[in-house]
Amino acid sequence: MDTVSIPFRDKEIECASREKIEAIQLEALRRQVEHALKTDFYSKRFAKAGITGPQDIKTLSDISRLPFTTKGDLREAYPFGLLAVPQSEVVRVHASSGTTGTPTVIYLTQKDLDLASDTMARSLTAAGGSKNDIIQNMMTYGLFTGGLCFHYGAELMGAMVIPTSAGNTLRQLKFMKDFGTTMIHATPSYLLHLHSAIEESDELKREDLRLQKAITGAEPHSEELRQKIQDALGIEVYNCFGMSEMNGPGVAFECIFRSGMHVWEDRYIAEILDPDTMEPVADGETGELVLTILCRDAMPLIRYRTRDLTRFIPGPCACGRTHRRLARFTGRTDDMLIINGVNVFPSQIEEVLLKTPGVGSNYLIVVEKTGALDKLTVQVEITPAMFADDARVINALRDHLKAEMQALITINPAIEIRQPGSLPVSEGKAKRVEDRRTAL
Ligand SMILES: [Zn+2]
């Protein structure tokens, strides 16, 4: 058998025993609690919960005594309510990618930035990156952490970084060819776009590129899509998880085995909780990811509700790392519909629609009450070609969609076929769900 060389940045920590990891977490959590008390926000919250200081955190399970923090809390604390150091200590500000309302911002001291870069470098190393790589970062530079926070981590690892930022595909391709880019960081949809651009190009062929790996995140995507990109571009695609509130894209990362994302437990405490009861789910079951950052001075964040749904993958990873792995995210709690007691995600319905030929790009999910029961209706626009077709063909499409959806969500939906252009088109983010049960 071939021995695979497994790259580490800090093997001792990355492969530490559970006891050691938990000891690090307990000590860091106590420090963060003490530190958080310096903010107006947490001193009030902790007082309500009867937490007076680190002495109240005796074991890791005492984390359950601490209150949650939400995105709404961050907005209320805007701009400086969660700052735990004098403003003169802050060297960088980032903000969430939200497009409306008050932004959620984070602050970093130089020490915070150094640690964030180290976490990012560790993540890239786990994915097989090294100082020999030429990394082109196609994420937006600016308030979004996918630009700068990724960039500094890649530099710290020693790679040559090309900060092209997002867009300008022809220039991206030129640099990839001229510099011999080996690794790129981009959203899944942009990776597909790059592939089409290579296919259409007269001047550049796939063989002209040295590309081996892509790091992708920022957009939810399925395992099928990963496979499609890997096959199309002939590269390895690594999934990662991050959020600006948690210092950006290096929170959890896939190692070379690409079987779930190791969450760096010496720097974060990850809890997976039932979103209704906020109690821990059984090991391996899906729930809401709640994160506590253990390595930030400027702005502590305790038990932050990410609203993302995932699960821990049980068992050890072939790489030897002991930090637990998060599975691919299945959706967000704020998107979830409960229909006659069954959890349904709009993304599941979309999945069926996207893979069915003849279906257009616009649809609407309607949930309403009929008597005591919930009724799910999916209104689907079809393509002009399909609309011009025989009624039998359209009926067959309706039956097909119904059967496919029922197999996936276990609920029998009504399917209403609509002519092209008949559903309302909203500006900006499309409205895909109309829950009429709440409008009573
Ligand atoms: Zn691993």
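Every number in this text was worked out from the coordinates using simple rules, so none of it is lab data. Quantities reported herein were computed from a predicted structural model and do not represent experimental measurements. Ideal geometry is used to build each Cβ from the backbone, glycine not excepted, and the neighbour counts take in all protein chains shown.
Side notes on the structure shown:
- Computed extension gain for D435 through E203, at 0.36 nm per residue and net of the alpha carbon distance, reaches 78.5 nm.
- Order of T330, T39 - criterion: other Cβ atoms within 10 Å of each residue's Cβ, fewest first: T330, T39
- D by Stokes-Einstein for the chain, Kirkwood Rh over Cα pairs, 25 °C, 0.890 mPa s: 103 µm²/s.
- The chain, helix-only ellipticity at 222 nm - DSSP H runs n ≥ 4, -39,500 (n - 2.57), divided by all residues, nearest 500: -9500 deg cm²/dmol
- Whole-percent pair-distance distribution, where bins are 10 Å wide, for the alpha carbons of region 337-439: 14, 48, 31, 6
- Total charge dipole magnitude, the chain, about the Cα centre, Cβ charges on Lys, Arg, Asp, Glu only, Debye to nearest 20: 560 debye
- Exposure proxy order (Cβ contacts within 10 Å, fewest to most) of I338, I313: I338, I313
- Within the same chain, lysines fewer than 8 places from K369 are excluded, and of the rest, those with a Cα less than 24 Å from its Cα are K402, K431.
- Rg over Rh, two decimals, region 73-124 (C-alpha only, Kirkwood Rh): 1.03
- The slack between A388 and M278, meaning 0.36 nm per residue of separation minus the straight C-alpha distance, is 34.5 nm.
- Cα-Cα over 22 Å, subset of K11/K228; K71/K213; K131/K177: K11/K228; K71/K213
- Each Cα pair under 8 Å and six or more residues apart adds its separation to the average, and for region 137-192 the resulting relative contact order is 41 percent.
- Taking a ≥ b ≥ c as the square roots of the eigenvalues of the Cα gyration tensor, region 98-170 is oblate, since a/c reaches 1.5 or more and a/b is not larger than b/c.
- Neighbourhood net charge (13 Å Cβ-Cβ; Lys/Arg +1, Asp/Glu -1) for T370: +2
- Per-pair calculated FRET efficiency, R0 = 56 Å: Q55 and S422 via Cβ, rounded to 0.05: 0.30
- Gyration tensor (alpha-carbon) shape descriptor, region 1-128, a/c threshold 1.5: oblate
- Fully extended contour minus Cα-Cα distance, from T356 to S43, at 0.36 nm per residue: 107.3 nm
- Antiparallel content of DSSP bridges confined to region 337-439, in %, to 5: 60 percent
- Ranked S201, S196, S88, criterion: other C-beta atoms within 10 Å, fewest first: S88, S196, S201
- Among I339, F312, T109 the positive-end extreme of the charge dipole of the chain (Cβ point charges): T109
- Note on region 337-439: dipole from Cβ charges, positive end direction compared against T370, L401, N412; the farthest Cα belongs to T370.
- Taking Cβ atoms as reference points and 10 Å as the exclusive limit, the residues near F387 contribute a net charge of -1, counting Lys and Arg as +1 and Asp and Glu as -1.
- Computed from the alpha carbon positions, the gyration tensor of region 274-406 leads to an equivalent ellipsoid with semi-axes of 39, 19, 15 Å, biggest first.
- Reduced Cα scattering model of region 87-333, Debye log10 I(q)/I(0), q = 0.11 Å⁻¹: -0.57
- Model label sites at A318 and D335, defined 7 Å from Cα along the beta-carbon direction, differ in position by 3.0 nm.
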